[in-house]
Amino acid sequence: MGISRDSQHKRRLTGGKKPHHHKKRKHEMGRQMAMTKIGAKRIHPVRCRGGNMKFRGIRLDTGNFSWGSEVCTRKTRILDVVYNASNNELVRTKTLVKSAVVQIDATLEHKRRLTGGKKPHHHKKRKHEMGRQMAMTKIGAKRIHPVRCRGGNMKFRGIRLDTGNFSWGSEDAAPVQRSSSVQKKIAARQAEKIIDPNINSQFDTGRLLACISSRPGQCGRCDGYILEGKELEFYVKKMARKKK
Amino acid sequence: MTGAAIAAQVEQNQRAFQKQDNIFVGKKRVLGKKTTLKESRYYKSVGLGIKTPRTAIEGTYVDKKCPWTGSVNIRGKLITGVIKTTKMKNTVIIRKDYLHYIKKYNRFEKRHKNTPVHVSPAFRVKVGDEILAGQEV
């Protein structure tokens, strides 16, 4: 093998040469770079030291990208490599590496945006919003725990039940519909929702900027996170400057 | 421009976005709580009875090799020495003087060792300062 990761060939801190007293060893071995490109998925598994496997991504087209502030992660298509802090060559050749900035397909995230998601927190948890553990009622000799609830009302937590009252009658199953209260809830979420204007504008083009945080040449996956806030501004500025 | 904006410009001078890995940059305001710092900062205590400097907690610098705001752990040896040169970025050369005993002559001789040591941006150092350096991995 040609590539080795030893330090025997390097000089000392003082500048002096190190004597070459043994040949290259297998445990110092390195391998060729993956240079993962965008394309139909092609991954080569490699048997490594200790019998462990590495999955060298040769070509990848999708990745799991998470949208942090919406707490939402979706598998999306990778469209283009747009910026690389280490090397412009890697942008030109569209190589997928960790911490490269890429453009991803925005449609799934778009759906998420429309259906609403987490509301921003305005206050700490309140007692009237409290929930309790699930009952997980099993079949067995009847065991019921009464629970005092809000307003002094009682709920009867069935822990084990063995009999029940069943009515004979046939009803057609109704198609699943969102009740008006649920629809109102979604609409209210939409009204309250604040999406960063920088990200919102990206939805118009159908492409979101994301940063790769996995190592495609090691694990064969191209996962990352959608750029937000200061980081997004930073990279947008860098790319604009490049274009000039 | 606010002080924070200026500081942010100063520290973002690399081609990649400088940030602390443990802090989520895009976080929206949670619980309507007003924190004293504009942005949240990760810092930890190093142990060994060493106080974390105020500048590390309040500063805006990003240094992954800082013991308080980065991802290194101090363990092993602690060396003291005097700073010889501060020409490198974030690191200094310290000189550690010691006496070596020659048994035959019952006398000592002076020896010294130079060691490069990383200096966190929390500190401002100059030549001649005495430094306590800790070992990391």
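Every number here is computed from the coordinates shown, using simple stated rules; none is lab data. Remember, predicted model here, so these are calculated numbers, not experimental data. Positions of Cβ are generated from backbone atoms using ideal geometry, with glycine treated the same way; all protein chains shown enter the neighbour counts.
A few points about this structure:
- Legend: P(r) of segment A:1-66 from all alpha carbon pair distances, 10 Å bins from 0, whole percents, reading 17, 32, 25, 18, 9.
- MRE, 222 nm, helices only [DSSP H, n ≥ 4, -39500 (n - 2.57), over chain A, to nearest 500]: -6500 deg cm²/dmol
- Exposure proxy ranking, count of Cβ atoms within 10 Å, fewest first, for B:58, B:39, A:228: B:58, B:39, A:228
- Farthest positive-ward along chain A dipole, Cα basis, beta-carbon charges - from A:33, A:8, A:214: A:8
- Charged-residue dipole, Cβ positions (Lys, Arg, Asp, Glu), segment A:38-113 about Cα centre, Debye nearest 20: 400
- Under 5 Å, built H, 5+ apart or other chain: amide partners of residue A:100: A:212
- Charged side chains reduced to their Cβ positions (Lys and Arg at +1, Asp and Glu at -1) give segment B:37-136 a dipole of some 420 debye around its Cα centre.
- By the count of other C-beta atoms within 10 Å, a proxy for reagent exposure, A:107, B:69 are ordered fewest to most as A:107, B:69.
- The percentage of C-alpha pairs in chain A whose separation is greater than 32 Å is 53%.
- Chain A: antiparallel DSSP beta bridges as a percent of all, rounded to 5: 85
- The loop-placed GluC sites (Glu not before Pro) in segment A:27-98, going by DSSP, include none that has at most 14 neighbouring Cβ atoms within 10 Å of its Cβ.
- Nearest-20 debye value, the protein assembly as shown charge dipole, Cβ charges on Lys, Arg, Asp, Glu: 1340
- Residue-by-residue Karplus 3J(HN,Hα) for segment B:56-68, coefficients 6.51, -1.76, 1.60, Hz, glycine and proline x: 6, 6, 8, x, 10, 6, 10, 9, 6, 9, 6, x, 9
- Residues A:22, B:112, sorted so that the one with the fewest Cβ neighbours within 10 Å comes first: A:22, B:112
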